[in-house]
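See structure below.
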Amino acid sequence: MAHRLAALISALPLTCAGMAFTSTARHPAGIADVADVGHRGASAYAPENTLASFREAKSRGADYFELDVQQTKDQEPIIMHDTTLSRTTNAETVYPGRSPWRVRDFTLAQTKRLDAGSWFSARFRDERVPTLTETLREMEGSDMKLMLEIKSPSMYPGLATRVAERLRAEPDWLLPGRLVVQSFDWASMEQFHRMMPSVPTAVIGTPTVQQLPAIAKYAGYVNPRQDTVTAAYVRQVHAHHMKVFAWVADNRATMRRLIDDRVDGIVSNRPEAVPR
């Protein structure tokens, strides 16, 4: 009896530790395999799609940083989400007569005049719109991975080819497992796969189950909006040997649901909040 009681008492700390583990919302199995992706960097804390935001994602331990690539009038790939400059720069003030301030109507030199940080906080005053090359070189020495979205490729003839050229010029990003190229334009991802077959591609959205076999011929990822994800859908994607990175989740309840659904990655403005 005394022996059994001693064994029970010795087991109590392990039981309590297990309860504490559960109460912190950490997933009991497989959570270490869930990648956290900084959406446009760590965009809850720094102006999106800037070098400051990408550095912030690194400082917060993100596995990946995600960014959007568009193209200037003189065909330089730059980092910008919107097809206009108005929301995240002071383009309306600097160029008052240039409405609607479309990215494609401004040269790189003109874009570099813009403040891309003050809209977020005075602390980021004079943060500039980075080029793709500047970003690749700035983040090259980090251990982060990159999820690169080719934005609105139909608006920018030749953009996918120029992205491929910039990537080839920075070969560290072509190491296995370091880069994923994605787009809402699935045909452009099929094209990109032909140009750079060693680089994993992703389709953004939620293809039907019937579409998955065709997509699996050129893509390694299906990246759906988080509120379209179900465990059954994730199983279907996995059955076609593709991964699922869901976007955008910023609260723990949503993240826990996605982890329970067995997604492979979570894209978040607060990447450090993804349970580890």
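Quick note: the coordinates plus some simple rules give every number you see, no bench work behind them. This is a predicted model, so every value here is computed, not measured. Note that each Cβ is placed from the backbone with ideal geometry, even for glycine, and that neighbours are counted across all protein chains shown.
Please compute the contact order of segment 44-174 in relative form: average sequence separation of alpha-carbon pairs under 8 Å and at least six residues apart, divided by the residue count, as a percent.
Once normalised by length, the contact order is 30 percent.
Could you tell me the calculated FRET efficiency between residue 170 and residue 276, based on Cβ-Cβ distance and R0 = 51 angstrom, to the nearest 0.05?
0.95
What value, in deg cm²/dmol to 500, does the helix sum -39500 (n - 2.57) over DSSP H runs of n ≥ 4 give at 222 nm once divided by the residues of the chain?
Rounded to the nearest 500, it is -9000 deg cm²/dmol.
Find the relative contact order for the chain and round it to a whole percent, using C-alpha pairs within less than 8 Å whose residues are 6+ positions apart.
In percent, rounded to a whole number, it is 20.
Any chance you could run the full-extension gain for residue 251 through residue 232? It's 0.36 nm times the residue separation minus the Cα-Cα distance, nm to one decimal.
Additional length available on full extension: 4.6 nm.
Taking only C-alpha pairs under 8 Å that are 6+ residues apart, what is the relative contact order of segment 136-276 in percent?
Taking the mean separation of contacting Cα pairs over the length of segment 136-276, I get 15 percent.
Residue 104 to residue 198: FRET efficiency via 1/(1 + (r/R0)^6), r the Cβ-Cβ distance, R0 30 Å, to the nearest 0.05?
Calculated transfer efficiency: 0.50.
Ratio of the chain's C-alpha Rg to 2.2 N^0.38 Å, to two decimals?
After normalising by residue count via 2.2 N^0.38 Å, the value is 1.15.
Whole Å is fine, so just give me how far the alpha carbon centre of segment 33-56 lies from that of segment 82-108.
A separation of 23 Å, based on Cα centres.
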